[in-house]
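Beneath this line is the structure, given in structure tokens, with notes to follow.
We did not get these values from a lab; they are worked out from the coordinates using the rules stated. Small disclaimer: the values here were computed from a predicted structure and weren't measured. All Cβ positions, even for glycine, are placed from backbone atoms using ideal geometry, and neighbour counts span all protein chains on display.
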Amino acid sequence: MAKLQPVRGTHDLIGDDARAHLAIAGTAREVAERYGFGPMATPIFEFTEVFKRTLGDTSDIVTKEMYTFEDKGGDSLTLRPEGTAGVARAFISGGLQNELPLKCFYHGPMFRHERPQKGRQRQFHQFGVELIGVAEPSADVEVIAMAADILDALGVLSETTLELNTLGDAPSKERYRAALVEYFSDLSDKLSDDSRDRLVRNPLRILDSKDAGDRALIADAPDFDDYMTEEAAAFFAAVQDGLDTVGVAYTRNPHIVRGLDYYSHTAFEFTTEALGAQGTVLAGGRYDGLIETMGGPKTAGVGWAAGIERLAMMTGEAPALPRAITLIGLGDAGEREALRLSSELRHAGLTVELIYKGGLKRGLKRADRIHAAAAVLIGDDELARGAATVRDLDSGEQVDVAITDLKDHLAAHR
RNA sequence: GUGGCUGUAGCUCAGUUGGUUAGAGCGCCUGGUUGUGGUCCAGGAGGCCGGGGGUUCAAGUCCCCUCAGCCACCCCA
């Protein structure tokens with residue numbers, strides 16, 4: 001900590017950045033509520049065990065990216081790297097089994113100790129949704145449709161592609177995994193170092209490799225569709241059919257893999273070319289095994305999470321705020337009247353910027369800087385006639401308005 | 001965790017083969033205007049040249065270390 005600077009990979013959100021952030025979470029929330037989802041907020045840290053058990057011991061997140069520390073009571077705690085585990089834990093410890101289906105959304109910071117780059121920070125924010133307790137493919141469809149609606153409401157849907165895949169059920173996964181390991185083991189000396197490592201840790205990941213040599217081998221690798229059980233295939237067909245029904249476009253990408261162990265069946269990502277290497281803007285899938293793994297009753301679930309910083313890079317500026325009215329009081333009596341008026345006008349719903357000191361010139365300068373619509377001047381002259389001078393800051397025109405008429409007069413400047 | 005690029009004023013950036021007091025534009029402040037912003041004119045403030053060490057008579061400039069940012073790998077939102 002040589003200097004007073006933010007911790008690596010963290011960022012302050014100031015002004016327009018903070019506003020864009022709130023706007024994204026706000027529109028996501030509006031859409032989610034239209035789908036009948038409600039808010040849920042779980043703690044930012046949990047017992048380390050919560051993440052270890054849910055994310056799987058082989059995932060990168062658990063093995064090298066968690067912010068884990070011991071608290072004063074000697075417990076091992078971890079800053080949440082993602083949101084689903086906390087929701088699942090709350091589902092179990094809060095006894096929410098009787099309230100199925102549980103439909104919730106959340107929003108907040110997540111923490112992962114990664115090397116920062118574009119679209120990747122150590123503290124970042126996600127908006128996510130979970131639909132727990134519905135095993136039917138219609139749940140997958142609904143949740144994906146909501147994601148598309150949110151991206152659309154943010155004006156970025158057309159810049160993204162929905163990539164869809166199925167990981168199948170447990171028997172499908174096992175058979176396919178075995179087939180892949182067999183196929184790639186024979187070619188092991190031709191694989192990249194990374195992929196050789198993946199072969200033991202997470203063979204499915206090889207399919208996603210960017211290495212040119214790997215890609216050539218992948219082309220002839222076994223096809224998952226040949227290893228799917230009938231049930232898994234039927235489920236995936238139903239999801240695709242549902243998406244067609246609600247008019248959500250997608251492309252099949254058989255190489256989409258989830259990094260976290262708890263996923264099965266549907267896996268999807270909304271990706272974009274606009275963000276460089278970190279092109280995934282929203283991703284999720286079905287996690288029917290998760291809650292049971294954590295020691296709860298066997299319960300189905302689907303959900304996704306979106307990266308707010310990544311979305312913000314695509315949406316640009318937040319929608320404009322209503323322009324303010326600037327109140328400038330001159331002299332003791334004028335300042336007092338300006339203060340009184342600020343309260344009255346705000347209660348009437350106007351956005352009011354009160355000038356605290358510095359006289360007329362500074363007041364107008366300030367008004368100009370915040371792009372106010374009008375300035376109201378109140379000095380001894382005005383007070384003497386029970387009026388105020390209202391200056392339109394675009395045209396420069398000034399009119400005399402009785403103080404009692406100000407509220408109505410200014411409503412036009414909103 | 002690995003590799004590449006980059007750190008000079010609040011911001012964007014110049015700074016010659018190492019050579020006197022480190023510059024510009026924008027922004028900010030003051031005045032021109034005792035009650036009139038945005039334009040214009042005049043003036044002003046603001047820099048451990050990311051930090052530490054080294055080479056040299058001399059380092060913003062060369063070397064090493066370190067921190068941070070960016071880009072890619074990896075991973076993922």
Legend entry - Degrees, to the nearest 10: A:16-34 long Cα axis against longest axis of chain A: 60
Legend entry - Rg/Rg_ref, chain A, where Rg_ref = 2.2 N^0.38 Å and atoms are Cα: 1.29
Legend entry - Using alpha-carbon coordinates, inclination of helix A:331-347 to the longest axis of chain A, degrees: 40
Inset, instruction - Report the trypsin sites (Lys or Arg not before Pro) located in segment A:109-160 that are in a DSSP loop and have at most 12 other Cβ atoms inside 10 Å of their Cβ, or state none. - result: A:Lys118
Inset, instruction - Go through segment A:1-101 and name the trypsin sites (Lys or Arg not before Pro) that are in a DSSP coil and have 16 or fewer other Cβ atoms within 10 Å of their Cβ. - result: A:Lys3, A:Arg8, A:Lys72
Inset, instruction - Check the straight Cα-Cα distances from A:Lys52 and name the lysines below 24 Å, setting aside those fewer than 8 residues away within the same chain. - result: A:Lys64, A:Lys72, A:Lys173, A:Lys298
Inset, instruction - Count neighbours as other Cβ atoms within 10 Å of each site's Cβ, and list the trypsin sites (Lys or Arg not before Pro) in segment A:339-401 that are DSSP loop with at most 14 such neighbours. - result: A:Lys357, A:Arg385
Legend entry - Net charge contributed by nearby residues that have their C-beta within less than 11 Å of A:Ile355 (K/R +1, D/E -1): +3
Inset, instruction - Enumerate the calculated ³J(HN,Hα) couplings along segment A:317-325 in order (Karplus 6.51 cos²θ - 1.76 cosθ + 1.60, θ = phi - 60°), each rounded to whole Hz, writing x wherever the residue is Gly or Pro. - result: 6, 6, x, 5, 7, x, 6, 8, 9
